[in-house]
Amino acid sequence: MREAANDLEYAMARNQAATAGGTGTGRSMAGVETWIGCTTASSTAATQVVLASSTAAATTPPLASGAPGTAPTDGSTTAALTEASLRLALESNYNQGSTTDVVVVNSTAKNYINDFTGVAQRNVDVGREQQASITGSADLYVSNYGVHRIVLHRHVRSSVALCLDSSMWAVGTLRNWTTEPLAKTGDAEKRQIICEKTLVCRNPRGNSKVVAIA
């Protein structure tokens with residue numbers, strides 16, 4: 001059950017496209033990265049998809065028929081995540097009326113954020129008898145558009161940074177986790193795990209991302 005839940009979380013965090021399924025093929029939900037679509041992407045202007053490189057060929061197709069049916073792709077040209085790129089993504093959310101409370105990243109983008117020059121000084125209070133600790137990580141980023149938690153997530157792709165308003169996301173459940181017994185084979189007992197859930201995006205335009213990060 002724990003492994004199945006991890007697989008579900010993986011699908012939600014990635015760039016999976018939504019499909020209707022068919023005979024013998026199950027439906028698939030769109031991942032959070034795929035929901036953040038737009039008609040234009042830019043490295044110099046506030047938009048839903050901010051390119052880390054001005055020459056990036058990464059694509060994020062716009063939503064079609066109310067659902068993201070085409071997965072985003074990575075371009076061949078990539079660049080480091082900069083504070084300017086992140087601010088453009090946060091500005092896009094602000095312009096759409098959302099409040100970005102979390103920035104979800106893999107370790108690659110997290111290391112870039114830790115090195116932002118805007119983090120001028122880190123102070124940690126320790127007791128007289130405690131050992132001093134070295135702090136080399138940024139857990140909060142303060143911009144013109146609010147205070148944003150930096151969340152490290154191992155399933156988010158290393159080439160993307162997701163700027164999210166968590167109030168605009170939910171998990172929909174058609175059938176919750178259950179187990180059904182199957183016919184035995186000798187002494188072996190078998191169980192079937194059943195679950196139908198999907199990622200719900202309440203406002204795709206209220207979220208943004210920086211892509212083509214390396």
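Just so it is clear, none of the values below were taken in a lab; they were calculated from the coordinates. Values in this document were obtained by computation on a predicted structure and should not be read as measured data. Reconstructed Cβ throughout: ideal geometry from the backbone, glycine too, with neighbour counts over all protein chains shown.
DSSP beta bridges fully contained in the chain are about 75 percent antiparallel. For the range 68-110, the equivalent ellipsoid built from the Cα gyration tensor has semi-axes of 20, 16, 11 Å, listed from largest to smallest. When a/c reaches 1.5 or more, the comparison of a/b and b/c decides; with that in mind, is the range 1-109 rounded, prolate or oblate per its Cα gyration tensor? Prolate is the answer for the range 1-109, as a/c is 1.5 or above and a/b outweighs b/c.
Tell me which lysines have Cα within less than 20 Å of residue 110's Cα, excluding those fewer than 8 residues away on the same chain? Result set, ordered by chain and number: 209.
In the range 140-183, the alpha-carbon atoms span a convex hull of 152 Å³ per residue. Overall, the chain carries a charge dipole of about 300 debye about its Cα centre when +1 sits on the Cβ of Lys and Arg and -1 on the Cβ of Asp and Glu, all other atoms neutral.
Of all aspartates and glutamates in the structure, the ones whose alpha carbon falls short of 15 Å from that of residue 190, not counting any fewer than 8 places away in one chain, are 180. Compared with the direct C-alpha span, the chain from residue 40 to residue 1 gains 10.0 nm at full extension, assuming 0.36 nm per residue. What the Kirkwood sum gives for the chain is a hydrodynamic radius of 19.0 Å, with every pair of different alpha carbons counted. Counting charges near residue 72 (Lys, Arg +1; Asp, Glu -1) among other residues having Cβ under 14 Å from its Cβ returns a value of +1.
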